[in-house]
Each structure stands twice: as structure tokens, then as C-alpha cells.
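As C-alpha cells, the structure follows; a few thoughts come after it.
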């Protein structure tokens, strides 16, 4: 009987690990993130190609970008990554209260970032920079919107983690789930680190003349 | 697991180290924004912005995503996608510079 239960436990562990001894879920998440690098790389490249062709039309000028406002959004998203690792550290040491505080703070910071993006889009549209104004504006909206969708999915997952913790269905035994969702959240953050520099900060007009 | 692969969860940083990394990220972002507002020549500003972005990227990936402490397999998977994206990005930048050179001629 004891032997049978050991065998069952062993089988259960094996179902969560690859032959390399790695977690299937974590391996899957890293594979997803690797492919997402290519996805966002293609979108950023498309934006740069069309940037070179916008020909300084005033209604779609990158001068519309409000860098101080976006800098604050960027700072909030960066700090949300800090909140995520602190949430993970909390659940790994069985600090449920600390976990709930940090995971909710992270979701809140993600929501602030999204609200900022919606405000920015609204302002751009009022200034005449819409999705269909030119290929350049399409590339801008597709890139930033796809990132925004990723942030939205991340916020929903964070709120789900918080709700599961509140109902006692997420404990330190499930720290691997939190870690995998954390990986996704940090990826969303590093993509924005690149987008912020590539779109908002680099003065291409000085390069292209 | 092979010897080259670190054991999962081994020696993860503690909360104080995470906070230090967070402060460094905030400082780097502030420097980036300051560079974009200052009248820095593009020959200096652009390399500086790229270096700061790469440093921020590396800090988040190695410490917050624990790639520094996790299995080498995860590193390889991520690097595969990242190198592909960087090659694509480099090709586009080269095309942009080539096209702008032709326009000036």
C-alpha cells in the first residue's frame, strides 16, 4: 500500500517535470516569452520602417508624444515589476498577507499604466492621429495596443491570483504558479523598456535629417 | 539536471536586493528622460539611451525573472527569441540609415 502511494506521488511529480528535470509550465512560459520577443521585435521594426516614411506630416508628427507623461507611466510599470517580485518573495515565505498586498499593488500599477495609455490614445485621436491616418500611425497603434493587451491580460491574471489567495486557494505550495505569471509580467515590463526608448526617447529626426 | 544547469530557486535574491534593483531601474529611467530633454548631440544621446535600455533589460531579466539563478535551458530558450528579434531590429536600423543616406545624396 505504502509502495503504491509512493509510486502515485512519483507519477504526479513526473507529470509536472520534463525529462530535463524542469517544470513543464515554466519551460512552456519561457518558450512563449522567447516567441513573444520575435513578435514584438517585428512590430517595433515595422514602426521604425514607417517612421522613416511619415515625411513630417504635421497631423501625425511624433512631436505629439508627451514624454513627461509617458515617463511617469514607464516608472509606474517598472515599479510594478518590483511589486511582482516582492509578491513572489512573500508567498515563498508563506506570508499570505504580504503577498495579497503586493499582488494587488502590482495589478493597480498595471491598471494605472493602462489608464495612461487610454488617455494618451484619446488625446492623439483628438489631435487627428488615428489608426487609419497613415501606415506610420497604424504601426504605432498596433505596437502599443498589442503591448496594452498584454498588460490587460497580466492585470487579469494578477487579480485572479489575489482572488484565489483571498479564498484560500493559493498558498505557498502554489508559488510556482505565481512565479510563472510573474515571468509574464516582467516580460511585459521589459518590452515596454524597449518601446519607451525606441519610440519616445530616441531622436530619429537628428539621425535621418 | 546537468552540472551546467543551476538548480531551480537556488539562491534567489532577498527582498532588500529586489528593492535596490528597483531603485537602480528608476534612476536609469530618470537619466534616460534627462538625456532626451537635454541638448545632447544625437551621436552621444542615442548610444547612451541604448546602453541604459540594455542595462535595464538585463537587470530585469537576470534578477526579477531569475534567469541568473535558473536553469540554463530557460536562458537558451529566451536567448533564441531575443537574438532573432535583435537581428530583425538591426536589419531595420541598417535599412533606415541606408535609406536616409540615399535621400541626402
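The values are calculated or read from the model by the stated rules, or taken from the named source; none is laboratory data. Bear in mind the structure is a predicted one, so any value in this text is a computation, not a measurement. Cβ: placed from backbone, ideal geometry, glycine included. Neighbour counts: every protein chain shown.
Descriptive notes on the structure:
- In this structure, residue A:76 does not qualify as at pLDDT 95 or above and crowded, with 24+ Cβ neighbours inside 10 Å.
- Residue within segment A:123-139 that is more than 19 Å from residue A:40 (Cα to Cα), part of a helix (DSSP H, G or I) and in contact (Cβ under 8 Å) with a residue 12 or more places away in the chain present: yes
- Residue match in segment B:38-45 (condition: surrounded by 15 or more Cβ atoms within 10 Å (Cβ to Cβ) and under 18 Å from the mean Cα position of the chain (by Cα)): yes
- Test: residue in segment A:183-202 that is within 12 Å of another protein chain (Cβ to nearest Cβ), closer than 30 Å to residue B:96 by Cβ and outside any helix (DSSP H, G or I): yes
- Residues in segment A:72-106 that are farther than 18 Å from residue B:60 by Cα and free of Cβ contacts under 8 Å to residues at least 60 places away in the same chain: 8 in all.
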